Structure formats: structure tokens, C-alpha cells
Amino acid sequence: MDRHFPAPPSLAPGASAPTTATGRSLRWGIVSTGAIAATMAGEIALLEDAELQAVSSRSQDSADAFAAAHGIACGYGGADDLTGLERMAADPEVDVAYIGSPHSEHAADAEVLLEAGKHVLCEKAFTVTAAQARRLADVARANDRFLMEAVWTRFQPGSNRLWDLLADGAVGEVRWMSSDMGFVADAPPTHRLWKRELAGGALLDLGPYSTLWPLTVLGRPEVVTASGLLTDDGVDAQEAITLQYAGGRHAHVTNALTAFGPRALHVAGTEGWLRAGPNLHRVTELTVQRPGEDPRTETFDDDDASSGSQGRGYVWQLREVTRCIQEGLTESPTMPVADSVASMELYDAVREQLGVRYPADDA
Ligand SMILES: NC(=O)c1ccc[n+]([C@@H]2O[C@H](COP(=O)([O-])OP(=O)(O)OC[C@H]3O[C@@H](n4cnc5c(N)ncnc54)[C@H](OP(=O)(O)O)[C@@H]3O)[C@@H](O)[C@H]2O)c1
């Protein structure tokens, strides 16, 4: 298979991720007090070598409440003409920051933290535009700091097995793929998912999962075709994307905030097909069917029943961040910044065809 991206580390089904306990804990700061920030605080607490040091918020009350709820030492809201984020960035007790703010804030938040000498794990979508992503890559390099987009899916046992199966030719040469992510977003119009100024919409929210495998397995497409449905506010509620590759190969991707999709990946090859599900962002079931053979299904329990320490599936990426920082790496070989830049370039191209423009496009 033509590998366009580095292969993830190979993990046998059910095997544990490498442990990273080296005796030196990383001290984490969390940016924002929203939904995923709360989940991640719980996941970081599961790490063998992590301390929850600080949280920043636009509001001191929120920072204090979040810190109290999660056993975090310091809560930073705005004070003395500094934002909570700037105050946390100045805290020498913070080694690495996890950014859980809306898409519109990622680039600016990450830049402040990197310039202050913090390592950064930034939620998906990495940025709003590819230009922002390229700039962040430069800032991280200039400051010699670790930077990674929080594509947690890429580190799960089911994902590693998926990669190994394809790389080992389980379906032969890959000819086409289809993937979808979708649910009915019944959030109010003020929610970040629907707000243009917060870079809402289906593509930036769900694309990092639905385009992960086409980009990882087939690489950058030669031709991108997209059509979709926009809200009155101008964000994408739903889209269909076709990625075309040399030799007539293609991938078809659907994202929707309007419908419950199967959230599955199908890979069709010259010697069989593979299905990954039942949730593309957390693959726990893989089926391979080759002509004339019974389908083979493998299941994955990423909660690690033996120790109960795998949380809700995010610990795998947190261990990778920890390992990389402890080993002095500035990028994860499995989820390098170049992959995030490639994703953002694809999303720029899709948004241009859909007619979705964010304030960051005019910055
Ligand atoms: N990996 C996953 O499974 C997963 C799941 C859900 C979301 N996400 C990603 O995580 C990020 C946040 O999503 P979420 O669902 O946690 O969002 P959310 O619940 O709306 O929380 C976002 C938080 O960001 C802060 N914030 C900073 N600037 C803001 C602004 N201008 N408007 C609103 N909030 C602002 C707020 O915290 P303060 O008030 O404390 O500043 C807010 O609570 C997004 O990038 C999303 O794609 C990832």
C-alpha cells in the first residue's frame, strides 16, 4: 500500500499502550471549562504520571468551580489586564496545556501558550484555516515545543489494528473508501456547533474523524468535490465530499448535524472489504470479508477491563503526548502537525466549494 503518513505504533488487539511512568510527572493546564474540558480533566487524572496543575477560563468563577470539581491546584480567570489564558501561560508550574476551547480560539490560544514555552495538545479541528495551522507549526518549531492536534481516535487499539490490517493487505489494494459522521444536533442556535463566529458546522466538528482514514490511507487527494446544506448563519449543516486519487481511486465522506448516520468506515479493496465501527471516532469492531470466506470480526475493549484505567478512550493519546514530551520530541510520529495541516488544507478546499466563510478567512 502507498503509505502517505507514518504508520501508528502497532498494538495487538487488546494490548496496552506503552506505559510512560518515568518518575517525572507532567503538570497539565486546561484551557476552558466546557464539556470536553471536563471529560479530559477526568482522563488526565487517570494517567500514571500527570498532575492537574491549572485551568484557565474567561471567568474566574468558572475557573474556580472547575478547579474545585477536578482537584486542580490553580484556577485562572482574567485579572490585571491579562486573560485567564495569559495568566496560566505565565505559570511556571504548567508544563503542557490542553486546549478545549471552540475552533475559532484554537490558533490564538495555542500561540500564546507556545510562545510562553508550554507544550500544547489542541482539540480538533486543529485550527479554522490552513494558514493558521501552518503558522502554529512555525511557532511550535521556533519555540521548540511539542504540538499535536487531539485526534484521540488515531491512538486507540481498534485504530491501530485497522491500520495494520490494511497495511498487511487484508483487503488487497484499496480502491475506494466511504466514511460518515453524523448525529442530529439539537443544540440551540447559540451553541458553538451552529455559530459562524465560533467556526461551527459539521465539517470542522466531524471532519477530523470522517476524513482521518481517507487522508491516512490514501493521502492528499488530487481532486476534491463537495456539496452541502448551509444554515441561515452560513455554517454547514451537512455535506458530501468526494476525494479523487490517481488510478481512479476515491473516497466518499459524509458529515451531518442533521441525521443519525451509521458512523462507519468501509474500505473496498481488490481482495475484500473491511468495515470499522460502530462509531468511527471510537472503533471497537472491525470486520473483514474476503470472497469465498466467512467474515472475520474482531472486537476491542478500550476500557481495559483489567485495570479500569483507560477511561473514555482518550488516555491513549494522552500517553502518547506524555511519552513524546518525556522523550524530548516536538511532534508525535503518529499524529504529526503536517497531518493536521493537510486536514486543514482539505477543509479550506471543501469550505470554498460550500461557500462557508469564517471571520478567520478575512483575518
Ligand atoms: N475529542 C472529543 O471527543 C471532543 C468532543 C467534544 C468537543 N470536542 C472539541 O472540543 C472543543 C470544545 O468543544 P466543547 O463541546 O467542549 O465546547 P463547549 O462545551 O462549548 O466549551 C467550550 C468552552 O470554551 C471556552 N470559550 C472560550 N472562548 C469562547 C467563546 N468565544 N465562546 C464560547 N466559549 C468559549 C468556554 O469556557 P470558559 O467559559 O471557561 O472560557 C466554553 O465553556 C472543540 O474544538 C470541539 O470540536 C472534542
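Given 10 °C and 1.306 mPa s, how large is the Stokes-Einstein diffusion coefficient of the chain in µm²/s, with Rh as the Kirkwood radius over Cα pairs? Working shown, then result.
Numbers: Rh = 20.9 Å.
D = 76 µm²/s.
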Notebook entry, point to check: What is the calculated FRET efficiency for residue 81 to residue 353, with r their C-beta to C-beta distance and R₀ = 30 Å, to the nearest 0.05?
Noted result: 0.10
Notebook entry, point to check: Using θ = phi - 60° and the Karplus curve 6.51 cos²θ - 1.76 cosθ + 1.60, what whole-Hz ³J(HN,Hα) does each residue of the range 148-159 get, with Gly and Pro shown as x?
Noted result: 8, 7, 7, 8, 4, 3, 5, 10, 7, x, x, 5
Next item on the list: In whole angstrom, note down how far apart the Cα centers of the range 323-353 and the range 238-302 are.
Entry: 22
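Relative contact order, percent, of the range 26-151 when contacts are C-alpha pairs under 8 Å separated by at least 6 residues? Write down the numbers at each step before the final one.
Details: 261 pairs, mean separation 27.1, N = 126.
So the answer I get is 21 percent.
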Notebook entry, point to check: For the Cα atoms of the chain, what angle does the longest principal axis make with the long axis of helix 130-143, in degrees from 0 to 90, nearest 10?
Noted result: 50
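Give me the percent of accessible area attributable to carbon and sulfur for the chain, probe 1.4 angstrom. Working shown, then result.
Numbers: 7100 of 14430 Å².
Heavy-atom surface of the chain belonging to carbon and sulfur, 1.4 Å probe: 49 percent.
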Check: If you bin the C-alpha pair distances of the range 26-151 every 10 Å from 0, what whole percents do you get?
Finding: 15, 50, 31, 4
Next item on the list: Can you work out the accessible area per residue across the chain, with the rest of the protein chains kept in place, probe 1.4 Å, in square angstrom?
Entry: 40
Item checked: Cα-Cα separations in the range 254-362 greater than 17 Å, expressed as whole percent -> 73
Next item on the list: For the chain, give the share of DSSP beta bridges that are antiparallel, in percent and rounded to the nearest 5; count only bridges with both residues there.
Entry: 55
Check: Over the range 137-211, what is the relative contact order in whole percent, taking alpha-carbon pairs under 8 Å and six or more residues apart?
Finding: 23
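Could you give the dipole magnitude of the range 26-151 about its Cα centre, charging the beta-carbon of Lys and Arg +1 and that of Asp and Glu -1, in debye to the nearest 20? Walk me through the numbers on the way to the answer.
Values: 9 positive and 20 negative charges, 76 e Å.
For the range 26-151, the charge dipole is close to 360 debye.
The values are calculated or read from the model by the stated rules, or taken from the named source; none is laboratory data. Since this is a predicted model, take the numbers as computed values, not measurements. With ideal geometry, Cβ positions are generated from the backbone for all residues, glycine too; neighbour counts draw on all protein chains shown. With ligands, DNA and RNA removed, areas are computed over all heavy atoms of the protein, side chains included. Shrake-Rupley method; radii C 1.70, N 1.55, O 1.52, S 1.80 Å.
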